[in-house]
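Each reported figure results from applying straightforward, stated rules to the coordinates on display, with no laboratory input. Keep in mind it's a predicted model, so treat the numbers as computed, not measured. Note: ideal-geometry Cβ built from the backbone for every residue, glycine included; neighbour counts use all protein chains shown.
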Amino acid sequence: MNHSRFILGSRSPRRRELLEMLVSPELIDVRPPRSSDELGFEGLKSWLDIAQRLQRIAREKNNDVLSQLSASNNSQLVLTADTVIVANDSDGGYRVLGQPPHDDLWRDVVRGWFRDLYAGRSHIAATSICLTEFGSGRRLERIVQSHVWFRDDVEPLLDWYLATQEPCGKAGGYALQGLGSVFVTRVEGSITNVVGLPLETLVEFLPQFGWPLK
């Protein structure tokens, strides 16, 4: 099928910027899910449980966007995604870090993440993506993992970084594509995945729907 439009179901400007590397900007429509409510990860400690929840979130976002389309949109592809940071907790399980809280406590929360979970250690950036062809309902899904290592001594730069307010609205409280890169010593896996959209996976998925790469 020849597709006329690409629907990005996300409010993230970073995801749009990444998608525009593969799809011509004039063919992209941004249509976020109507509901901003998402399932949480409270109580989930195993990777399997976290991965299943993460994929469910991307799938439910996708279903939300699909429900907004009409029969005239049957030549469109709908893409949704969700990114979280998964760190090793002190009890040996996994701990999911989403965005910092939207109140004055965000600095203390991010400071704790950097000191206790990031410094001198690796963590996982995980993105679930869901790509659906409207009309046929054909769907491809995947969870992509990247391992990120931070420098041992984050303390000298931590107050400065918090003052930039870059951590606000970022999964895990940092932006690899921004000033947060000063803490990162190594990335194993997809770099764009850490930013929020694994382009390597889309390069594999899009031709399966007959969508030519930009």
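Quick one: divide the alpha-carbon radius of gyration of the chain by 2.2 N^0.38 Å and tell me what you get.
My calculation over the Cα atoms of the chain gives 1.05.
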Report summary line: Excluding residues fewer than 8 positions from Lys45 in its own chain, the aspartates and glutamates with Cα under 19 Å of it are Asp82, Asp89, Asp91, Asp116
Query raised in the report: Assuming R0 = 25 Å, what is the FRET efficiency of Ser70 and Leu22, from their Cβ-Cβ distance, to the nearest 0.05?
Result: 0.45
Report task. Can you list which of the trypsin sites (Lys or Arg not before Pro) found in the stretch 40-132 are DSSP loop residues with at most 11 other C-beta atoms within 10 Å? Result -> none
Query raised in the report: Given a cut-off of under 8 Å on Cα pairs at least six residues apart, what relative contact order in percent is computed for the chain?
Result: 23
Report task. Would you mind working out the magnitude of the charge dipole of the chain relative to its Cα centre, with +1 at each Lys and Arg C-beta and -1 at each Asp and Glu C-beta, to the nearest 20 Debye? Result -> 560
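Given the DSSP H assignment, sum -39500 (n - 2.57) over each helix run of at least 4 residues in the chain and divide by its residue total; what's the result at 222 nm in deg cm²/dmol, nearest 500?
Calculated at 222 nm, the ellipticity per residue is -7500 deg cm²/dmol.
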